Amino acid sequence: MGNALRVLQAAAVLAVLLILSPVANSQSASLPDWSGVWERFEGNGGIFDPSTVEPQDGRAGNPGVRQFPPLTDAWEAKYQANLALAAKDRLPDPISRCGTPAGFPRLLALPDVYEFIVRPEQSWIITENGPNIIRIYTDGRDHPPPEEVWPTFTGDSVGHWDGQTLNFTTVSMIGDESTVLDRSGLTLSDQATVATRMFKTDEGLLRAELVIEDPLALREPWHVTRHFRRLPAGTRVYDYACAENNRNPITESGQTLTLDTEGNVIDIAVDEND
Amino acid sequence: MTKAIQSLLVRQKLMALTICFAGIVSVTEVVNAHHSNAMFDKTQVREVTATVREFQWTNPHIWIQVLIENEDGEQEEWSIEGGGPNTLFRKGWRPNSFKPGEIVEFKMNPMLDGSNAALFRGARFSNGETLGNW
């Protein structure tokens with residue numbers, strides 16, 4: 001290939017880039033600034049829906065602490081069974097085994113910190129705890145057809161930007177098969193759908209408004225709101241690496257053990273048959 | 001500002017003031033566990049003077065291995081469990097916060113079954129500096 005042709009090709013590529021880049025830049029410029037590192041704003045009790053928890057300062061998993069979503073009778077019975085197990089400390093939290101993601105929508109209620117990365121065609125929410133990632137496609141695609149989806153921890157999310165607000169719906173979540181919403185044992189089914197609106201409030205908080213529908217678990221749409229606050233500039237995010245030194249394995253009965261540095265069980269009281 | 005957020009902010013400010021006057025700090029750093037911590041007796045805070053044997057700055061929890069003298073005058077090894085290193089780092093902890101051989105006072109929630117493990121609540125070093133809830 002001659003030098004002249006190479007120059008012409010390079011000029012053509014440059015011209016295309018110059019034509020396209022203002023479009024991309026203008027799209028990016030229209031997106032909100034959600035940069036930096038954030039943490040959940042509502043309580044550290046691990047409660048998924050702080051607005052319906054009783055008592056209000058209750059921690060997920062503590063005896064007598066529960067939330068009141070509009071559960072169907074069947075799911076209320078499941079919840080009560082899980083509450084009873086949690087009260088005996090025998091409701092294992094799936095993420096405590098260091099092997100599976102927290103899943104959506106629990107992903108919006110985790111400890112440690114968050115990053116929200118927004119681009120015109122796609123956004124990502126990354127949680128340090130886990131870590132977990134949810135990908136939200138905003139390039140115009142729809143959810144896949146039924147024959148191309150299967151239940152996953154985080155499901156499938158598609159949406160669009162409405163000004164500075166990110167709207168998305170999430171489907172195909174694995175539900176109570178392998179996830180809980182918090183350590184009280186609250187769950188949804190794999191038929192749940194979540195419509196989420198995320199936007200920054202006047203106070204600088206990032207607000208997520210969820211409308212959860214589930215023909216098996218819920219009698220009516222369940223509205224849950226959570227917020228995040230931005231941490232000081234320069235805050236870093238680190239590896240979580242749950243399996244690095246997990247000295248708290250969980251037995252078949254759901255008991256959380258404690259190991260010494262050699263891997264021996266410290267606990268004096270261990271459930272029979274474990 | 002919504003009423004819910006206002007209420008939460010006010011509650012947090014009140015809590016901060018209460019904490020300030022009570023001389024204690026939030027316990028959130030030790031209870032953001034990746035597992036249930038129901039095995040610890042959180043109604044009891046045991047204070048001990050211990051010799052640090054090893055500091056495990058690891059995920060998903062930090063562990064402080066210490067030697068504590070028992071009633072018979074023998075040194076017993078205890079495992080003190082804390083939160084995750086990432087959040088603790090952002091609260092001022094460092095990978096070398098506890099040095100082997102160092103003598104440190106600890107406050108901790110013992111295990112309900114009496115075994116030699118505990119949940120970290122606070123530490124005071126020989127120079128008077130503290131970590132956690134002291």
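The values are calculated or read from the model by the stated rules, or taken from the named source; none is laboratory data. None of these values were measured; they are calculated from a predicted model. Neighbour counts run over all protein chains shown; Cβ positions are idealised from the backbone, glycine included.
Report yes if A:Arg229 is within 12 Å of chain B (Cβ to nearest Cβ), without any contact (Cβ under 8 Å) to a residue 24 or more places away in the chain, under 30 Å from A:Gly36 (Cα atoms) and not in a loop (DSSP other than H, G, I, E, B), otherwise no.
Against the criterion (within 12 Å of chain B (Cβ to nearest Cβ), without any contact (Cβ under 8 Å) to a residue 24 or more places away in the chain, under 30 Å from A:Gly36 (Cα atoms) and not in a loop (DSSP other than H, G, I, E, B)), A:Arg229 does not qualify.
When both residues are 6+ apart or on different chains and their Cβ atoms are under 7 Å apart, which pairs have a first residue that lies in the stretch A:243-254 and is at positive phi and more than 8 Å from chain B (Cβ to nearest Cβ), and a second that is in a loop (DSSP other than H, G, I, E, B) and modelled with pLDDT of 90 or more?
The qualifying pairs are A:Gly254/A:Arg90; A:Gly254/A:Leu91.
Does A:Glu262 count as without any contact (Cβ under 8 Å) to a residue 60 or more places away in the chain, within 12 Å of another protein chain (Cβ to nearest Cβ), out of contact with any strand residue (DSSP E or B) (no Cβ under 9 Å at 6 or more places or on another chain) and within 22 Å of A:Ile126 (Cα to Cα)?
no
Of all residues being farther than 22 Å from B:His34 by Cβ and among the small types (Gly, Ala, Ser) in the stretch B:89-119, which is surrounded by the most Cβ atoms within 10 Å (Cβ to Cβ)? Just the residue, please.
Going through the qualifying residues, I end up with B:Gly114.
Across the stretch A:173-201, which residue is nearest to A:Pro63 (Cα to Cα) among those that are within 14 Å of chain B (Cβ to nearest Cβ) and not basic (Lys, Arg)?
Looking at the filtered set, the residue picked out is A:Ser184.
Restricting attention to the stretch B:116-134, which residues are farther than 13 Å from B:Ile80 by Cβ and within 8 Å of the chain's Cα centre (by Cα)?
B:Asn133
If a residue must be assigned to a loop (DSSP other than H, G, I, E, B) and either in contact with a helix residue (DSSP H, G or I) (Cβ under 9 Å, 6 or more places away or on another chain) or more than 14 Å from chain A (Cβ to nearest Cβ) (or both), how many such residues does the stretch B:95-118 contain?
Of the residues in the stretch B:95-118, 7 are assigned to a loop (DSSP other than H, G, I, E, B) and either in contact with a helix residue (DSSP H, G or I) (Cβ under 9 Å, 6 or more places away or on another chain) or more than 14 Å from chain A (Cβ to nearest Cβ) (or both).
Each row is one residue, and each column tells you yes or no for (1) part of a strand (DSSP E or B); (2) modelled with pLDDT of 95 or more; (3) touching a strand residue (DSSP E or B) at 6+ places or on another chain (Cβ under 6 Å).
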position: A:Gly64; (1), (2), (3): no, no, no
position: A:Pro69; (1), (2), (3): no, yes, yes
position: A:Ala74; (1), (2), (3): no, yes, no
position: A:Ala77; (1), (2), (3): no, yes, no
position: A:Asn82; (1), (2), (3): no, yes, no
position: A:Pro92; (1), (2), (3): no, no, yes
position: A:Glu115; (1), (2), (3): yes, yes, yes
position: A:Ile133; (1), (2), (3): yes, yes, yes
position: A:Gly140; (1), (2), (3): no, yes, no
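Somewhere in the stretch A:158-175, is a residue part of a helix (DSSP H, G or I), within 19 Å of A:Val224 (Cβ to Cβ) and not hydrophobic (A, V, I, L, M, F, W, C)?
Yes, the conditions are met somewhere in the stretch A:158-175.
Quick check on this structure: which one of A:Gly254, A:Gly185 is touching a Lys or Arg at 6+ places or on another chain (Cβ under 9 Å), in a loop (DSSP other than H, G, I, E, B) and surrounded by 21 or more Cβ atoms within 10 Å (Cβ to Cβ)?
Of A:Gly254, A:Gly185, the one residue that is touching a Lys or Arg at 6+ places or on another chain (Cβ under 9 Å), in a loop (DSSP other than H, G, I, E, B) and surrounded by 21 or more Cβ atoms within 10 Å (Cβ to Cβ) is A:Gly185.
Which of the residues that make up the stretch A:90-115 are in contact with a Pro (Cβ under 6 Å, 6 or more places away or on another chain) and within 8 Å of chain B (Cβ to nearest Cβ)?
Listed by number, the list is empty, since nothing qualifies.
In the stretch A:152-182, what residues are at pLDDT 95 or above and of a type in the set (D, E, K, R)?
A:Asp156, A:Asp162, A:Asp176, A:Asp182
Are any of the residues in the stretch B:75-88 crowded, with 18+ Cβ neighbours inside 10 Å, more than 12 Å from chain A (Cβ to nearest Cβ), more than 30 Å from A:Gly234 (Cβ to Cβ) and of a type in the set (Val, Ile, Thr)?
no
For the stretch B:34-51, which positions are in contact with a strand residue (DSSP E or B) (Cβ under 9 Å, 6 or more places away or on another chain) and within 13 Å of chain A (Cβ to nearest Cβ)?
B:His35, B:Ser36, B:Asn37, B:Ala38, B:Met39, B:Phe40, B:Asp41, B:Lys42, B:Thr43
Can you tell me which residues in the stretch A:149-182 are surrounded by 17 or more Cβ atoms within 10 Å (Cβ to Cβ), touching a strand residue (DSSP E or B) at 6+ places or on another chain (Cβ under 8 Å) and among the hydrophobic types (A, V, I, L, M, F, W, C)?
A:Phe153, A:Val158, A:Trp161, A:Leu166, A:Phe168, A:Val171, A:Met173, A:Ile174
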